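The values are calculated or read from the model by the stated rules, or taken from the named source; none is laboratory data. Keep in mind the model is a prediction, meaning the values are calculated, not measured. Cβ coordinates were reconstructed from backbone atoms using ideal geometry, including for glycine residues, and neighbour counts include every protein chain displayed. The accessibility values were calculated without ligands, DNA or RNA, using every heavy atom of the protein model including side chains. Shrake-Rupley method; radii C 1.70, N 1.55, O 1.52, S 1.80 Å.
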Amino acid sequence: MMTSKGCNFELASIATCNHDFFPLHSGGPLKPGKSRVLYGVTEEFPVVAVVGLGEQNQSSDPIEERDETKEAVRTAVAAGYRSLGELGLRSIQVDPCEDGEAAAEGAHLAAFKYQDLKSKKKESPVITCFKKDDQGWIRGTTLAEGQNIARRLMEIPANILTPTNFAQEAVNCLEGLGVEVMPRTYEWAKARSMNAFLSVSRGSGEPPVFLELMYRGKGLVDEKPLAIVGKGVTFDTGGISLKPPGNMDKMRADMGGAACTIGSIFIAAALRLPINIRGFIPLCENMPGSIATKPGDVVVASNGKSIQIDNTDAEGRLILADALHYASQHKPRAIVNMATLTGAMAVSLGSGATGVFSNSETLWKAMHKAGTISGDRVWKMPLWKHYSSQVTDFGLADVHNLGKHSKDAGSCLAAAFLKEFVTCDHWMHMDIAGVMENKDEVAYLGKGMSGRPTRTVATLVELIASGQTGL
Ligand code: BES
Ligand code: ZN
Ligand code: ZN
C-alpha cells in the first residue's frame, strides 16, 4: 500500500494490491502495474492510489532471468506515484509491499525529473515508507539516488557539462561521502603517454580531464581494489568522421559510462560497503577542430601498442584503451568498464539488457546474478579470438580502431579492441549504448536518459564486498 498525506485535500492515500483485488466501484481486477486513485477511503488518508502487483511468488522465471516479484513491486509503486503526481501532494507514504528495497526504488526512480534549468521548478512530494526504519527501504532509496545521479549527469547539456564541470560535479556528489576525487590534467596524461585518449580531445577547445576516484572501505588497508572505468565523452560529434545531424543531441549522454561510475561509487560509499574501489574516468569532447585527429592517423597508446585510427567516431575505445591500461597497472581484483560504445549494441539487444563481454566466468556469473536482483539485466556477448584477429591483423599498426568487416558485429570488434589493453584476469566490458535512453520500455523510469546499469554494478560491488563471488 502506498499512501499520500498533506495534499491539497485534507487527507489522502494510495495502496497496492494483489491480482484479484477489486477496488470499490472498480471496473474489474486491477492489472499488474496499473493504478486507480480512490478518494475518501479513510480519514487519515483521503486519497489512496491502489496499484496491482499481479501474481505472488513469480520470482523464479528462468527465461526472464530476473526477480519478477521485485520488478512487480518497482513497477506498481512507480505507477502509484505517477497517478498521484498531478494532485499537488506534499508527501506520499508508501507501503513497502514486503520488499521495501524494491518499493523505494520504484518510488524514487519514478519521481526523478531533470529540471535544473527551469527557472520555476515543480515541487516534488516527500516520499516516505509506512514502516519506520525499514532497512530495505533505506537501501532502495540509496540505490535509486545513485541511478538518479547518473540520469541527471547524462541529461545535462554538453555546453554546461564539460570535462572540467563533470569533475566538479563528481566532487559535489562524492566528497561528502569520503571518496577522494582527483582530476588529472592534460600534462599528467601526456606524461603517461596516454596518446590514444589525447588523440580524441585534440579537436576540441575544452581541456581533457582524467578523473581518478578512490573509496576505501573501513579498515581495508591492504585489500586489492575493484576498478570501475567509465567512458566520459561529454559530447561526441564523431570528430572528422562527423555524425549525421539527426539525434546528435543525444550524444550529450556519451558520458553515460562515466555517470554510472559516479552513481555506483556513490551507492557503495553511501552504504559504507566494506570494499576498496578505484574509479578511472577519461573525460573529453570529440570535436572536428582544426588539429583534430584525421582518418588514417596512427597513435601509440600508453601500453606501447600503435593504433590506426580510420574512423574518428570510434573514439570511445581510444580513450578507454589508455584508461584500461592505467587501471590494469593498479593490479585490481577485477575491472568493470561501462561505455556507450557502439550503436550496433542497440541493434543487437535494444534496451532489453546491457551487452557484456568478459574474460572471466567468475565475474560474468557475479554480474549476471547482480542483474537478476536489480532487474536491470546483462546479456553475455562473445569475446573470441575470431574478433581479436579482425582488429589486429593489419600491416600499418598493431591495432585498428574499426577492424576488418566492420559493418558486422561492431560491438564484438569494439570489445576485442579493448581486450588488447587489459592485463587483468577478471575484466568485463559493458556496452551500454542500447540502454542509454528510456522511451517507455522500463515503466518505472520516465522518458529520458536512463542511468542504467548503475544499480546492477552497485549490486555487483555489494556481492563482491560480501565475499560471495570468489573475486
Ligand atoms: N557514442 C557512439 C556510440 C553510440 C551510438 C552510443 C548511439 C549511443 C547511441 C560511439 O562513439 C560511436 O560513434 N560508435 C560508432 C562506431 C563505428 C564508427 C565503428 C558507431 O556505433 O557507429
Ligand atoms: Zn563516436
Ligand atoms: Zn562515442
Open item on the list: Restricting to region 301-350, and then to whatever is among the hydroxyl-bearing types (Ser, Thr, Tyr) and touching a Ser or Thr at 6+ places or on another chain (Cβ under 8 Å), can you tell me which residue is farthest from ligand 2 (Cβ to nearest atom)?
Closed with: 328
TODO: Mind counting the residues in region 410-461 that are assigned to a loop (DSSP other than H, G, I, E, B), of a type outside the set (Gly, Ala, Ser) and in contact with a Leu (Cβ under 7 Å, 6 or more places away or on another chain)?
DONE: 5
TODO: Return the residue satisfying two criteria in turn: it lies in region 97-151 and is among the basic types (Lys, Arg) and in contact (Cβ under 8 Å) with a residue 40 or more places away in the chain, and of such residues it is nearest to residue 85 (Cα to Cα).
DONE: 113
Open item on the list: Being aromatic (Phe, Trp, Tyr) and out of contact with any His (no Cβ under 7 Å at 6 or more places or on another chain) is true for just one of 417, 421, 394. Which residue is that?
Closed with: 417
- [ ] Name the single residue, out of those in region 206-248 being within 16 Å of ligand 2 (Cβ to nearest atom) and aliphatic (A, V, I, L, M), that is surrounded by the most Cβ atoms within 10 Å (Cβ to Cβ).
- [x] 233
TODO: Those residues that are more than 16 Å from ligand 3 (Cβ to nearest atom) and of a type in the set (Asp, Glu), I need them from region 405-459; list them, please.
DONE: 408, 420, 425, 440, 441
- [ ] Identify, from the list 467, 395, the residue that is at positive phi, free of Cβ contacts under 8 Å to residues at least 12 places away in the same chain and surrounded by fewer than 17 Cβ atoms within 10 Å (Cβ to Cβ).
- [x] 467
Open item on the list: Every residue in region 426-459 that is at positive phi and surrounded by fewer than 24 Cβ atoms within 10 Å (Cβ to Cβ), please.
Closed with: 448
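Could you list, in sequence order, the residues of region 311-370 that are among the hydroxyl-bearing types (Ser, Thr, Tyr) and within 14 Å of ligand 3 (Cβ to nearest atom)? Please lay out each step first, then the result.
Taking region 311-370 and keeping what is among the hydroxyl-bearing types (Ser, Thr, Tyr), we get 312, 326, 328, 340, 342, 348, 351, 354, 358, 360, 362.
Scanning region 311-370 gives 312, 340, 342.
Per-residue answers, yes or no, for (1) aliphatic (A, V, I, L, M); (2) crowded, with 21+ Cβ neighbours inside 10 Å:
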residue	(1), (2)
322	no, yes
325	no, yes
332	no, yes
338	yes, yes
350	no, no
356	yes, yes
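Every residue, every condition in (1) within 13 Å of ligand 3 (Cβ to nearest atom); (2) of a type outside the set (Lys, Arg), yes or no:
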| position | (1), (2) |
| --- | --- |
| 211 | no, yes |
| 220 | no, yes |
| 224 | no, no |
| 227 | no, yes |
| 234 | yes, yes |
| 245 | no, yes |
| 249 | no, yes |
| 252 | yes, no |
| 256 | yes, yes |
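Let's see how each residue does on (1) within 12 Å of ligand 1 (Cβ to nearest atom); (2) of a type in the set (Gly, Ala, Ser); (3) open to solvent by less than 10 Å² (accessible area, probe 1.4 Å):
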residue: 250; (1), (2), (3): yes, no, no
residue: 267; (1), (2), (3): no, no, yes
residue: 279; (1), (2), (3): no, yes, yes
residue: 290; (1), (2), (3): no, yes, no
residue: 304; (1), (2), (3): no, yes, no
residue: 310; (1), (2), (3): yes, no, no
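Looking at region 292-302 only, could you name the residues that are touching a helix residue (DSSP H, G or I) at 6+ places or on another chain (Cβ under 6 Å) and either among the aromatic types (Phe, Trp, Tyr) or open to solvent by less than 40 Å² (accessible area, probe 1.4 Å) (or both)?
293, 299, 301, 302
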Task: Near pairs, Cβ below 8 angstrom, 6+ apart or cross-chain, from region 240-259 (without any contact (Cβ under 8 Å) to a residue 24 or more places away in the chain) to any residue that is open to solvent by less than 50 Å² (accessible area, probe 1.4 Å) and more than 8 Å from ligand 1 (Cβ to nearest atom) - done: 248/237
Task: Residues located in region 289-321, provided they are under 18 Å from residue 423 (Cβ atoms), touching a strand residue (DSSP E or B) at 6+ places or on another chain (Cβ under 7 Å) and either part of a strand (DSSP E or B) or not aliphatic (A, V, I, L, M) (or both) - done: 300, 305, 306, 307
Open item on the list: Could you go through region 210-217 and let me know if any residue there is within 16 Å of ligand 1 (Cβ to nearest atom) and within 19 Å of residue 340 (Cβ to Cβ).
Closed with: no
TODO: Select from region 37-61 the residues that are among the charged types (D, E, K, R) and more than 20 Å from residue 96 (Cβ to Cβ) and write down the one among them that is modelled with the highest pLDDT.
DONE: 43
Task: Neighbours by Cβ (under 6 Å, 6+ apart or cross-chain): first from region 431-449, polar (S, T, N, Q); second part of a loop (DSSP other than H, G, I, E, B) and modelled with pLDDT of 95 or more - done: 438/445; 438/450
TODO: Give the residue, chosen from 193, 201, that is open to solvent by less than 70 Å² (accessible area, probe 1.4 Å), within 16 Å of ligand 2 (Cβ to nearest atom) and among the polar types (S, T, N, Q).
DONE: 201
- [ ] Could you please find all residues in region 130-147 being in contact with a Gly (Cβ under 8 Å, 6 or more places away or on another chain) and crowded, with 21+ Cβ neighbours inside 10 Å?
- [x] 137, 140, 146, 147
